Structures are given as structure tokens and as C-alpha cells.
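Before any comments, here is the structure.
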């Protein structure tokens, strides 16, 4: 068969070359395609459908916590970007500049938003006047541009899709609570919907967002032992409000500055899913975000009754709300098995003449390869129950446990720099837990001597020792260290 | 009460100054806010929620007709934009140019997409090889930029939100069918979900999309008698395929060019809704896209039992899937009435102590102001049925009939230029139906002498006479003429 030539070609083994394995999956699972603009990619239907599922779930969580969607312009005048000193210093070196509109040169050049704090501040200055106008809990789903030098699909691209929440509150306490609330929403989403364990914590001062008073983050460990920042939530205090002259009249009729936050996750989460769950056969998708949750592959489909039975099964599963696909194309079952393994479809259901005779079918889970036989009966009731339970519970829990085990095996508690170096050498890259005195000099020295940078100060602290792993002076906290994407 | 000062201020009367009336609604219904970038606006939560509803309905219609969503980059290299001659001529004068990334000057400057034909073509050239790869039925929801000189919220802005469908087919016939199919989807959406009657037709050659072989459009008539192009669908033939060297191997193993289409609707539809249904009290929203479909306003809410009953009513209507809001704020009922009229909420439900005593409530429809009393019984069953029926059927049908009547009153069949001039002078702006010989010279002359340009050649033709309204030579078709937004 002509199409069998397109038989899923082998991908690079992840143990041999993890970076190439990653790129192979991005291309061969048809998630992305390159374009003639460096660092900008096409997100193909299969990749975009994963993002749509992430969006739908997250958007529901945002709305359930009282947030509303808005849409700001994509352009920021240079003069507006410059209003908050730290912010412009952080972003100006990496923005794309629009200098001409049509044939005319612009007086004030415009940057394509790298993030939208300045635009939200300008808007808040217009619409926030009284304590009655607070809080504003806004979010937008857009793309942003950062002129990165080295780029990789999903992980670091010049344009990427994201959501950015921007909120403004009467008090510092409310704003801090919001910052923490949204970090928890992100963590719940990553652990619940993406089956990806994360560490919640605070960034060190050197790693804060440009203009933030404090930055919280969730950090995940990829299969190769490198850390990936999966979401951030920033508390701004009243710094932006002062820079943009946002004031409101409080209940005592005084003019005061409100407090702000912002928080975001990006299409990088698709990269996180690939590198957390993927294997040498391709992508492995968590059911909650899989475009196809179960694929039915008929065996010997030319034989009488096979396609008919497969069709009935399809209708039954679809009626249960499952994203199911029946592949009755003329490709061979072997080709189909490899194709849907590459694409990470959580469940494969095989049904052939012998199965039908025995009143059963075979259900195979992608993440662990386990197969089981299940009765199809007259109405597929038992199958429907099994598939629903596996998609909702068994598979996400199993995937989470597998990822958590990998992380546990690659998390090293160390009390000296030598221990760090040794652990990384012997066991490979991973999270290092070690005490820190709080000084930036030690943070830098740890990175210089061992190669791992601070990822975050986790909310769940442990007392590994009372001394800084670097200088030996009294420790202030335990830090997660790692090499980062 | 302090907040009562914010009592909905009067808006300009539409009869006095339609343009100002429009702007007043955009601002006072909190749909948009201006920014410091000319022609770029903030779409506020209430405006964006209308767009989200439009998106959800349209996206469902696109998926039901086999389309998949993708996401292309926002940047197009100048060299890529230049590949199709007519296309670049049409768009280059009105694009925004990125010339610098970070601190570096770009070798090939990038335009911010004004539309994405060129990007889709580049992608199709990469992924279409065989007849087995066809068709590709892609769509994306993004924003685009066109450097317009005069701008108005929703109607004409430098950045606007839209969807752009881009499809590629093995044969011309398939592509033409797709072009027509999507025009019909747009018309069904406008008439069914927006209660806005549209004329389906073909653009004259002078009005085609840059690079298209033919452009179809739906044209609507606004309340002031001006026409608004509400959606377009383009057939490209194989012109783009040739310019971008997209070829596929057909079943006879020959290399041939595929045929393409594109189609789009924008946030302009929000402007169309405002100007089709709005009145001197503000916005009037069709229930299908209204962020709030019904608002419950308690009367004398401090009296015992009122808020309790209103709360029960809210829960009941919410459980029926209605987007319902209970306003128990301390603003006066009068303020609330005016506020929700301004915001165009389709139904208002009033409930006060006397109503509760009589076991009833009052339901008022926004579009015609009619009130009716309905029993609330123990379980609000009758109210639930009434509200559902009004939102699903009575209101959209009533709004459609009202808009269709306005259009009928403002549609003038004319057989001479003098008749056109006279009709417009006596009855005001509107659609003119008149015969045309097909020559561009006559099209221009009609516009010059009467002020109305060709809107479209409607699919539903009438034989008003056998002579061109302008030159008197044999007519080829009837054309809709009008002044356009």
C-alpha cells in the first residue's frame, strides 16, 4: 500500500539524544511545523487541539475564581513601556519594534507586546476611580513576542501563545492572596489535568519578573532531569500603580494606590507534557487534554461484521462524551498502532473477527502498554464503564505516579557543594535540594561550581541542615536547584 | 446614594447624530475603551464576552463542517508577502512593519499579518504532496493589523480580532463549493444567532479581495440605511498555488495545482449588532450572544422574602442553562432598569413584595419593551418555560422581523439614476436595487452621480428592467447598491 511507505519512521531514542527526540516528536506527531521566520512556528491541528483543551479547562478555572476575559492591543508605544523602570530594563532588549505603518514612519515606535502590564495599567488608570471599582480580575488569551536568540518549539519561541491574568486590588493582602490563589490554580491544573507533579515556591530575588515585588512559580522535572518553569504568578505591590498614577478613593475618602498581580502560563506546557510523559514510541498524552482520547482500530476490517461492530462501539463511546476516533482507513493495523502511539492517544481499542466471536475486545493503555480484554456484550456497557474509568482516573493517576517516581529518583538532598556535584555526576541531572543563606553571591557560586541554578524556594520547606550549602553561614531556607529549560 | 450619581447618562439620540450615538453605546455599555495607540482599543469584559459567544457558536459551525483550527505566526517576511502580485499590491500600503528585533536591525523586514494567505500557502507547500493530503480545511482565530487612516471601534480599527479560514482542495469545483458553503454558514449565523437579515451575493470585479478570482459577501443594512459588509468568502482558483509552487500528485500520478479559498468574519459583527438592533436607550442584544440573557431586578429588596425569592428564581433559571444575573446591589431599581437597558440584556424580570403576594413576576423584553405578568408558582416552572421560549424563539424572531422591516422600508428598486437620487433624498439612505451592464465605467458613474456604490450582485436576482440603470445598454444582472461602512 502506497500510504504504508509513510509508516511511522523511527524517532531518535531519548537516551541517545533527548533534544533530538523532542524535536522528532514535535514534527512526527504533527504538533508543529517550521516557517521562514526563525523562532516562529505553525501550530498544526493536532498541537492546537491540545492547546484548545488546555485553554478550555484553564478558562473554566479562571472564571470559577471570578475572572473575566478582555483583549488589549498587541502594540505598546515605547513611551508607555518606559514608565516602569525595572520593567522596561527587563523587556526592552528582547522586543520587536514596529517603526512604520503603511508607508509612514511612526513618531513613537511601537513594540509588539512581550507582556501587557503597561497596557493594563494604562487601562486601569482610566477605569479605576473608587473602592467600588475594585477588584478588577482580568485575563486575556493572546500571543506575545520576545526576540529570543536560541529557539525551540513550544519551549522558547519568538512568538508564543499564552494567557496573562492582570488583577488590581484595594489592599496588599488581597493581591498577595490572588497571587497565591492563581499559583494554586496552575498547580491543580498541572497535577490534575496534565498528570505532571510540580513544586510550588517563590523565586529568589535575582530571578523575579521585571517589576515584581515577588514572583511565585511552579517547577516541574522533565524526563531528562532538567527543570522547567511551568507557570508564574507575580505580586507587584503598588509599584506599577505609582509609575502609572493609578489611584482610587477609599471608604474614608482618601486617595490611595491599589495593589496588582499578574500570572501566566504558555504553550510551553505542551513541551512540558512531551518531556514529562513521552517515551521512545512518541508522545503520551494525559486524557484531559488529548484531542483523541481513544482510538478504535478494527482488525481484519474487510471481514463481515467487523466495521459494523466497530461503528456501533464508536457511537456508544461518543455518546458517553469520550473523544473517540474510529480509524477505518486502508492502512494496516500495524501502521495504525504505531501512528497512534506516536500521537500519544491514551487508549487503543482493538476489535477483530475473533474478538467479536468471543464477545470481547482488547483495550491497551498508551502510557504503560498494558492490555486487557473486556466483554462488549450487546450494548458495550462494560466497555463504556472501563474506558470512562481509565480516562478519568486510572490513566491520569498512573501517569502522575510514574512522573512522580522519576522525579523522586532524580531529587537529591545535599548539604555540600561536593555532594551536589557527585549526585549530578552519578545519578544524572535532577532537582537538588539544599539550604541557602539568602545571599545572591552564594546563589551565583552554587551555579558556577555545580551547574545548577536556583529554581525556587519551595513552600514546603525541609530542614536539611542549618548551614548554607555554599558559605556555611546560617541558612535561611531550603532551595530547589536545577538546570533549567 | 453615591453610585446613583453614575446613573446611566443620556446618550445622543440616533436620529440626531447616528455616529455619536454609536460611539456613546460603545463606551457607555462598556464594550470598549480607547488606548494611547490610535486605532487600537481595549475590548472590555462585556464586549469580549459577546465575542466569546460569537466565537463559540461559529467555531461549532466550522467544526461541524469539517474544519480544524491551527495557529500561524503573526509575522510575514516581506519577501513572502511579495510572492503573489495582486495580493501584495492590495495589502502592502496598509501594513505595520517590524524592522528591529531587540537591538538588531532585521535583514528582511517583517509585516504584522494583515491576513494570512501567504503563510498558509508556505505551509501547504510543505505539507501537501499527494491527493491523499487533500483537502485541508483550516481555520484560525487571531488578530490582524491594517494601518487604517480613519478608525472607529469595531467597524474599522488598526488591529481587529477575526477568524480566517484557509482551505485547499484537489479541484476547482470543490473549492467553489467550499466558498459557497462558508458564505452560507455566515449567513445562517447572522440571521439565526444575530437576528440580522443579510443579502448573499458576489462582489463586482472592482471590489474583489486582493488575489481572489471571486469574492462572495453577505451585506447587511444598518439602522441608518448604510450598508455593512458582514463577512466574505473568497475563491482563489489556483493563482496562489502557482505563485507559491504548491503542487500535488493526483491519482493518475500527474503533478497538478490545487485550488484554494479563504473566508473571514471579524469583531465588526459586534458593530453590526449595535447598529442593527440598538435604540435610544442603548444596546439591544440577540439572546444567542448576550453575556447576560436575563437579569433579575428585585423591587423593595429590603422587604422580607424578596431577595430569598429572587435567589430561588436565579437558581432555577441558571439550572435551565440560562445566562442569568441577579442584581442585588444597593443601586435603585430605576438605575438598574436603565443600566441593563443600556447593556441590551434581552430580558428583565422584576419581582417585589406585591408580586410575591400575588404569586407572580413581571417579564420585560428589551427589544420591544413589552411586559407580561407570569405566575411563579412553587417551582418557577411556568416562568422557566416562558423565559426559555422567549430567548430561543420569540425574541430572535421578533428582532429579525423588526430589522427585516427596516431593511424593506429602506430598499428601493430603481430603473434610472434620477430615481436613485430621488429615493435617497426622500426616504434616506438605504439599499438600492438596480440593473447593471457589467461595465466598471457604469459602476463608477453610478457612485459619482448618486453616492451609492455596488455592494454585491445578489444570488437572488430580480428582473427590474432589461437595461443598465446607467448607460441603458442591455443589463447583465441586478446589483445592490448602497453607502458602506
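Quick notes
- Within the set B:269, B:317, B:283, the sole residue that is farther than 30 Å from residue A:73 by Cα and in contact (Cβ under 8 Å) with a residue 24 or more places away in the chain turns out to be B:317.
- Checking every residue in region A:86-94 against the condition of being more than 23 Å from residue A:231 (Cα to Cα) and within 13 Å of chain B (Cβ to nearest Cβ) gives zero matches.
- Of all residues making up region A:311-328, the number that are outside any helix (DSSP H, G or I) and over 19 Å from residue A:49 (Cβ atoms): 2
- Residue satisfying all of: in region A:22-41; in a helix (DSSP H, G or I) and surrounded by fewer than 23 Cβ atoms within 10 Å (Cβ to Cβ); nearest to the other protein chains (Cβ to nearest Cβ) among these: A:27
- Exactly one residue out of A:32, A:95, A:70, A:37 is in the same structural domain as residue A:164 (by TED's automatic domain parsing), in contact (Cβ under 8 Å) with a residue 40 or more places away in the chain and within 20 Å of residue A:282 (Cα to Cα), and it is A:32.
- Selection count, region A:405-428, where residues are part of a loop (DSSP other than H, G, I, E, B), closer than 23 Å to residue A:471 by Cβ and out of contact with any strand residue (DSSP E or B) (no Cβ under 8 Å at 6 or more places or on another chain): 1
- Evaluated against (1) more than 19 Å from residue B:165 (Cα to Cα); (2) more than 7 Å from chain A (Cβ to nearest Cβ); (3) modelled with pLDDT of 95 or more, residue B:108 falls short on exactly one condition, (3).
Okay, residues lined up against (1) free of Cβ contacts under 8 Å to residues at least 40 places away in the same chain; (2) over 17 Å from residue B:63 (Cα atoms); (3) in the same structural domain as residue B:41 (by TED's automatic domain parsing); (4) in contact with a helix residue (DSSP H, G or I) (Cβ under 9 Å, 6 or more places away or on another chain):
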site	(1), (2), (3), (4)
B:139	no, no, yes, yes
B:146	no, yes, yes, yes
B:150	yes, yes, yes, no
B:154	no, yes, yes, yes
B:161	no, yes, yes, yes
B:164	no, no, yes, yes
B:178	no, no, yes, no
B:182	no, no, yes, yes
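- Test result for residue A:44, within 21 Å of the chain's Cα centre (by Cα), surrounded by 20 or more Cβ atoms within 10 Å (Cβ to Cβ) and facing another protein chain (nearest Cβ under 8 Å): yes
- Selection from region A:30-41 of residues that are over 19 Å from residue B:117 (Cβ atoms) and within 18 Å of the chain's Cα centre (by Cα): A:31, A:32
- Failed condition for residue A:98, given (1) under 17 Å from residue B:45 (Cα atoms); (2) touching a strand residue (DSSP E or B) at 6+ places or on another chain (Cβ under 6 Å); (3) facing chain B (nearest Cβ under 8 Å): (1)
- Complete set of residues in region A:437-456 that are assigned to a loop (DSSP other than H, G, I, E, B) and under 27 Å from the mean Cα position of the chain (by Cα): A:451, A:452
- Among the residues making up region A:115-135, those that are more than 14 Å from residue A:244 (Cβ to Cβ) and under 32 Å from the mean Cα position of the chain (by Cα) are A:115, A:134, A:135.
- Every condition in (1) more than 12 Å from chain A (Cβ to nearest Cβ); (2) within 24 Å of residue B:178 (Cα to Cα); (3) under 23 Å from the mean Cα position of the chain (by Cα) is met by residue B:69 except one, and the failing one is (1).
The values are calculated or read from the model by the stated rules, or taken from the named source; none is laboratory data. Worth saying up front: this structure is predicted, and the values here are computed from it rather than measured. Here Cβ is always computed from backbone atoms with ideal geometry, including for glycine, and neighbour counts include all displayed protein chains.
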